[in-house]
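Okay, so here's the structure we're looking at.
The values are calculated or read from the model by the stated rules, or taken from the named source; none is laboratory data. All of these numbers come straight from a predicted model, not from anything done at the bench. Because the Cβ atoms are built from the backbone with ideal geometry, glycine has one as well, and the counts that use them run over all protein chains shown.
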Amino acid sequence: MELKTVKTPHVPVRYFEGGKGEPLVFLHGAGGIQAGDPLFLKLAEKYHVYAPLLPGYGDSEECGEIRDMLDFTLHTADVVEALGLKDPILVGHSMGGMIAAEMAAIAPASISRLALICPAGLWLDDHPIPDLFAMLPYEMPQYLFHDVEAGTKLMTAGVALDDPEWLKGFLVMNARQMGMAGKILFPIPERGLVSRLYRIKAKTVLIWGDGDKLIPPAYAHAFKKAIAGAELVSIAEASHMVTQEKTDQVAAAISKLG
């Protein structure tokens, strides 16, 4: 995968690109994305994949002009336009799913195929979403992975969570990324999306780990009810990071869009 830069009206945007075929834009979650992300690599076997980094992620510049949900949505639309893409398949995971859903709701004629992987964006009082911003690193794997031990190794590349050097690097990176993500996810990941979902006209696939402990499957049914014609693909023995735990099944579900 190649890391490139594209200019938008407000800020240069770093993005990963790889594969050949129909264009697909992948929007990452609050944890960001790396060149070796397994879902990215799998999708690149079939599609020409573009995975833009939000400002503040990776080595990208920060952008003070992005302040609220509308700014995130329009910024990402600017990225798609700057890449010269017309109606790509739009895929978003978690926070990225929240942004993708907003894009499809605000400009329904521009997005015809949409895959939302355990997206954020709604709030159910009976199923509160845990506060990711209050978690210490060792607490995160139990919410993100079905197999907590295996997930911890994936998250840390085998380094102990209490290793001082790893922890220092993680906290610096996390503070930068969460500073951006917090604009739409803190204190709760809800910015009125529920009132706009009816506007989505895209063929939509919802993909959920049936053991998701961060955004419980109750939210999958709320999204399905709100988006006309949406199909729900529930994946067993997977949690919020279903993209890493069940990569092939997630890719197969996305392929329903073409």
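Among the numbered conditions (1) part of a strand (DSSP E or B); (2) closer than 14 Å to M98 by Cα; (3) over 16 Å from the mean Cα position of the chain (by Cα); (4) not β-branched (V, I, T), tell me where L232 comes up short.
Every listed condition holds for L232 apart from (2).
Filter the range 54-76 down to the residues that are of a type in the set (A, V, I, L, M, F, W, C) and out of contact with any helix residue (DSSP H, G or I) (no Cβ under 6 Å at 6 or more places or on another chain), then identify the one that is nearest to M178 (Cα to Cα). Give the derivation first.
From the range 54-76, those of a type in the set (A, V, I, L, M, F, W, C) are 54, 63, 66, 69-70, 72, 74; that's our starting set.
Adding the requirement that they be out of contact with any helix residue (DSSP H, G or I) (no Cβ under 6 Å at 6 or more places or on another chain) leaves 63, 70, 74.
Values: C63: 13, L70: 18, L74: 20 Å.
If we take residues in the range 54-76 being of a type in the set (A, V, I, L, M, F, W, C) and out of contact with any helix residue (DSSP H, G or I) (no Cβ under 6 Å at 6 or more places or on another chain), then C63 is nearest to M178 (Cα to Cα).
Answer yes or no: is there a residue in the range 140-152 that is touching a helix residue (DSSP H, G or I) at 6+ places or on another chain (Cβ under 6 Å) and over 26 Å from F170 (Cβ atoms).
Scanning the range 140-152 turns up no residue that is touching a helix residue (DSSP H, G or I) at 6+ places or on another chain (Cβ under 6 Å) and over 26 Å from F170 (Cβ atoms).
Find all pairs meeting these conditions: Cβ atoms under 6 angstrom apart; at least six residues apart or on different chains; first residue within the range 88-102 and at pLDDT 95 or above; second residue of a type in the set (K, R).
I89/R113
Take the residues of the range 191-229 that are β-branched (V, I, T), under 15 Å from the mean Cα position of the chain (by Cα) and not in a loop (DSSP other than H, G, I, E, B): which is nearest to P88 (Cα to Cα)?
Just the residues of the range 191-229 that are β-branched (V, I, T), to begin with: 194, 200, 204-205, 207, 215, 227.
With the extra rule that they be under 15 Å from the mean Cα position of the chain (by Cα), the set shrinks to 205, 207, 215.
Among the residues that remain, those that are also not in a loop (DSSP other than H, G, I, E, B) are: 205, 207.
Numbers: V205: 15, I207: 18 Å.
Only one residue fits best here, namely V205.
Considering only the range 83-100, I want to know if a residue exists there that is over 16 Å from L27 (Cβ atoms) and charged (D, E, K, R).
Yes, there is a match, as at least one residue in the range 83-100 is over 16 Å from L27 (Cβ atoms) and charged (D, E, K, R).
Exactly one of these conditions fails for S195: (1) of a type in the set (S, T, N, Q); (2) surrounded by fewer than 22 Cβ atoms within 10 Å (Cβ to Cβ); (3) under 22 Å from Q244 (Cα atoms). Give me its number.
Only one criterion in (1) of a type in the set (S, T, N, Q); (2) surrounded by fewer than 22 Cβ atoms within 10 Å (Cβ to Cβ); (3) under 22 Å from Q244 (Cα atoms) is unmet by S195, namely (3).
Applying the selection to the range 240-258, what residues are buried (at least 16 other Cβ atoms within 10 Å of the Cβ) and basic (K, R)?
Residue satisfying the conditions is K246 alone.
Checking N174 against (1) buried (at least 16 other Cβ atoms within 10 Å of the Cβ); (2) part of a helix (DSSP H, G or I); (3) touching a residue at least 40 places away in the same chain (Cβ under 8 Å): exactly one of these is not met. Which one?
N174 satisfies every listed condition except (3).
Does the range 20-36 hold any residues that are surrounded by fewer than 21 Cβ atoms within 10 Å (Cβ to Cβ), at negative phi and assigned to a loop (DSSP other than H, G, I, E, B), and which are they?
Within the range 20-36, K20, Q34, A35, G36 qualify.
Anything in the range 201-228 that is among the charged types (D, E, K, R) and buried (at least 24 other Cβ atoms within 10 Å of the Cβ)? List them, or say none. Break it down into steps so the answer makes sense when it comes.
The first filter runs over the range 201-228 and keeps only residues among the charged types (D, E, K, R), leaving 201, 203, 210, 212-213, 224-225.
Answer for the range 201-228, where residues must be among the charged types (D, E, K, R) and buried (at least 24 other Cβ atoms within 10 Å of the Cβ): just D212.
Looking at (1) closer than 18 Å to Q142 by Cα; (2) at pLDDT 95 or above; (3) part of a loop (DSSP other than H, G, I, E, B), which is the one condition that is false for I188?
Tallying (1) closer than 18 Å to Q142 by Cα; (2) at pLDDT 95 or above; (3) part of a loop (DSSP other than H, G, I, E, B), I188 fails exactly one: (1).
Suppose we filter E237, E165 for residues that are loosely packed, with under 15 Cβ neighbours inside 10 Å, of a type in the set (D, E) and in a loop (DSSP other than H, G, I, E, B); which single one remains?
On the way: E165 fails: in a loop (DSSP other than H, G, I, E, B).
It is E237.
Is there a residue being farther than 23 Å from M103 by Cα, touching a helix residue (DSSP H, G or I) at 6+ places or on another chain (Cβ under 7 Å) and at pLDDT 90 or above anywhere in the range 202-213?
Taking the range 202-213 first, the residues farther than 23 Å from M103 by Cα are 209-213.
Add one more test, that the residue is touching a helix residue (DSSP H, G or I) at 6+ places or on another chain (Cβ under 7 Å), and what stays is 209, 213.
Within this subset, residues satisfying the condition of being at pLDDT 90 or above are 209, 213.
Within the range 202-213, one or more residues are farther than 23 Å from M103 by Cα, touching a helix residue (DSSP H, G or I) at 6+ places or on another chain (Cβ under 7 Å) and at pLDDT 90 or above.
I'd like to know if the range 149-171 contains one or more residues that are of a type in the set (S, T, N, Q), at pLDDT 75 or above and either in contact with a Cys (Cβ under 9 Å, 6 or more places away or on another chain) or within 21 Å of Y219 (Cβ to Cβ) (or both).
Going through the range 149-171, the residues of a type in the set (S, T, N, Q) turn out to be 152, 156.
Narrowing further to those that are at pLDDT 75 or above: 152.
From what is left, the residues that are either in contact with a Cys (Cβ under 9 Å, 6 or more places away or on another chain) or within 21 Å of Y219 (Cβ to Cβ) (or both) are none.
Looking for residues that are of a type in the set (S, T, N, Q), at pLDDT 75 or above and either in contact with a Cys (Cβ under 9 Å, 6 or more places away or on another chain) or within 21 Å of Y219 (Cβ to Cβ) (or both), one finds none in the range 149-171, hence no.
Restricting to the range 1-19, and then to whatever is β-branched (V, I, T) and assigned to a loop (DSSP other than H, G, I, E, B), can you tell me which residue is farthest from V79 (Cα to Cα)? Break it down stepwise before answering.
Of all residues in the range 1-19, those β-branched (V, I, T) come to 5-6, 8, 11, 13.
Next, only the ones that are assigned to a loop (DSSP other than H, G, I, E, B) stay: 8, 11.
Details: T8: 6, V11: 10 Å.
For the range 1-19, the residue satisfying everything is V11.
Please pick out the residue among E62, E45 that is modelled with pLDDT under 95, among the charged types (D, E, K, R) and more than 14 Å from the chain's Cα centre (by Cα).
Values: E45 fails: modelled with pLDDT under 95.
Just one listed residue meets the conditions, E62.
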